[in-house]
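The values are calculated or read from the model by the stated rules, or taken from the named source; none is laboratory data. Bear in mind that the values here come from a model prediction, so they are computed numbers and not experimental data. For neighbour counting, all protein chains shown are included, and Cβ atoms are generated from backbone atoms with ideal geometry for every residue, glycine included. When the accessible area is computed, the model is the full protein with side chains, heavy atoms only, and any ligands, DNA or RNA have been set aside. Shrake-Rupley method; radii C 1.70, N 1.55, O 1.52, S 1.80 Å.
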Amino acid sequence: MRVGRGGMLALGLLALACAGTGRPLPEVEPMVLPVLARDGSLPAPVILVSLSGLTSRRYTGAPGSVDMPVLAALARRGVSAGAVRSVAPAAAYPAHATLLSGQLPAAHGIVSDRLLGAKGVRVTPYWHVSHLRSPTLWQVAAQDGRRVLALGWPSTVGASIPQLIPDLSPSRRGETWLGVLADAATPDLLEGAARAGGSAPEADRPGPERDAVLVALACDGLGSSEPPDLLLLHLSQTRDALSGFGPDSPRVAAAFAGADALVARLVSCLREAQRLESAAILVVGDHGVLDVHTNVFPNAILREQGLIRMAGSSLGGTLGSTQSGVASWSAIVRSNGGSAFVYAENESDAVRARRALVAEAETSRAFRVISAREMLEMGADPEAWFGLEAEPGFAFGNSASRPVLRPAATRGAWGYLPNRAEMDAGFVAWGRGIRVGVRIPHMQLADVAPTVAQLLGVDLGDVEGRTLVGALEPRLTVSSGTSEEDSGE
């Protein structure tokens, strides 16, 4: 068969990805993607890949003009979405919990990227699985006797997944990635990570080197005698590029091209293991990204109101005195980037905080105050008294020091509310059980988990998302109430 321009580019990236692993280049068929049997059988394995900041612009466009040509090839031969509505806030940890549970943050419990404590917003993310309150894909799959492999997926520290590299990074000087994983990862995977280059200093933070290690581990698992039925893989190399340079930067395009090469490597590994024709691959983003120029620090306003007390100062201490951090608070703002949620010990403190922040919003015109009702309608944190949403170009920070407005330290931000179209993510699916050439104009991030559950043949229970029935082969949806007669078969 002839290979078109897009196929040739995909093959080139596939060869580059294979060469980058230090392994010999595999012999590949002229077409990257085979023609699949449509017999109604369940796929095995089901691979769910999340990519920081993926939106449809990265795989939509003329051949040769997209950042991710391999993903574009999967989209053309499978299912793709034009817009995937994220969650509130449209941030990494809440979004990934929704991808696993099919629930919104108010239900699953991962309501922000950073934890909030008695002394303010913590540096620690929602790493630990104990914060999750809803059943997840990996839990129902394991209960059904399925093998699960999770690599770098957020909020999996402490999860009872037999094959696990959780989302952990060094937080103290002198720590290494493999060092902090020592008590949290499966021992054989930890050894495999060391062999694949995980000891390199570049792997100590999320990025291309760490992603390459995780994909190498995924390939080892896919090629083993007992491959996973469900593979969860999070690729992070686009995150810092998006934050540091903004969504339209050439550096960002290069980061997405690098992630695309790793998707190609997964395809290659499935082919080598003779599992490509039985597999299903789903690639999804967590949120979109906006350009920013100014940071907003509303906690400085609450500090002036005496609602935040700094360590080493009296309640009425001046803003110019030396501070070492928050000692206590009766009302505080937790930043999500493009949005922020306001917490208070009681109604009186919440009213004082709201009055001060409304005045600042009217003066600065950098953000708007949103009601608790509006937040609840979006499935945001029910513990917050109200919220703030930054105007385009602005993003929040957690500092309680003046000035309230400062030049932004980064060029890209996320964490806005999902009603902004710029926060929409992307979605592509290809493989056994998935239809060919289907385009979904709009879907929800919460729809991914029940759709994956349908592909696995497991029951996720009553969730807020809905199965993307139109994306699946008709025979796979019979058990959910659609008959073959009704489907036209």
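Which trypsin sites (Lys or Arg not before Pro) in the stretch 354-404 sit in a loop by DSSP (not H, G, I, E or B) and have at most 16 other Cβ atoms within 10 Å of their own Cβ? Walk me through the numbers before you get to the answer.
Working: sites: Arg354, Arg355, Arg365, Arg368, Arg373; in loops: Arg365.
Sparse-neighbourhood loop trypsin sites (Lys or Arg not before Pro): Arg365.
The H on the amide N of Tyr126, modeled in the peptide plane, is under 5 Å from the matching H of Leu115, each at least 5 residues off or on a different chain. Under a 5 Å amide H cut-off, with hydrogens placed 1.01 Å from N, Arg420 pairs with nothing among residues at least 5 apart or on other chains.
Residue-wise HN-Hα couplings along the stretch 78-85, as the Karplus relation 6.51 cos²θ - 1.76 cosθ + 1.60 with θ = phi - 60° gives them from phi, are x, 10, 9, 10, x, 8, 10, 5 Hz; Gly and Pro carry x.
Taking only C-alpha pairs under 8 Å that are 6+ residues apart, what is the relative contact order of the stretch 140-179 in percent? Before the final figure, lay out each step's value.
Working: 40 pairs, mean separation 11.9, N = 40.
In percent, rounded to a whole number, it is 30.
Multiplying the residue separation of Thr124 and Asp248 by 0.36 nm and removing their Cα-Cα distance gives an extension gain of 41.7 nm. When Ser243, Ser50, Ser160 are compared by accessible area at a 1.4 angstrom probe, the order from most to least is Ser160, Ser243, Ser50. Working note: Karplus 6.51/-1.76/1.60 with θ = phi - 60° gives the stretch 298-305 the couplings x, 5, 4, 5, 5, 5, 5, 7 Hz, where Gly and Pro are set to x. For Glu347, the solvent-accessible surface with a 1.4 Å probe is about 120 Å², rounded to the nearest 10. Under the simplified labelling scheme, the Val436-Arg172 pair shows an inter-label distance of 5.7 nm, with each label point 7 Å from Cα along Cα→Cβ.
With a Förster radius of 56 Å, plug the Cβ-Cβ distance of Glu391 and Ser225 into 1/(1 + (r/R0)^6) and report the FRET value to the nearest 0.05.
0.50
Counting only whole DSSP H helices of the chain, the ones at least 18 Å long by C-alpha along their axis and with mean Kyte-Doolittle hydropathy no lower than -0.5 are 5-20, 208-222, 250-272, 347-364.
Computed 3J(HN,Hα) for the stretch 153-164, one whole-Hz value per residue from the Karplus formula 6.51 cos²θ - 1.76 cosθ + 1.60 where θ = phi - 60°, is 6, x, 6, 10, 4, x, 6, 8, 9, x, 10, 8, glycine and proline marked x. In this structure, the amide hydrogen of Ala44, modeled 1.01 Å from its nitrogen in the peptide plane, lies closer than 5 angstrom to those of Ala279, Ala280, counting only residues at least 5 positions away or on a different chain. Cα centroid separation, the stretch 253-279 to the stretch 416-482: 21 Å.
Heavy-atom accessible area for Arg402, with the other protein chains in place and a 1.4 Å probe, reaches approximately 110 Å². Each residue, Glu422 and Arg57, gets one label point 7 Å from its Cα in the Cβ direction; the gap between the two is 1.0 nm. Accessible surface computed residue by residue for the stretch 122-280, with neighbouring protein chains in place and a 1.4 Å probe, gives 41 Å² per residue.
Within the accessible area of the chain, the carbon and sulfur atoms contribute 50%, probe 1.4 Å, all protein chains present.
On the beta carbon distance between Ala194 and Ala359, with R0 = 41 Å, the FRET formula returns roughly 0.15.
The distance linking the stretch 202-216 with the stretch 30-93 is 21 Å (Cα centroid to Cα centroid, whole angstrom). When nucleic acids and ligands are ignored and a 1.4 Å probe is applied, Ser199 ends up with an accessible area of around 90 Å².
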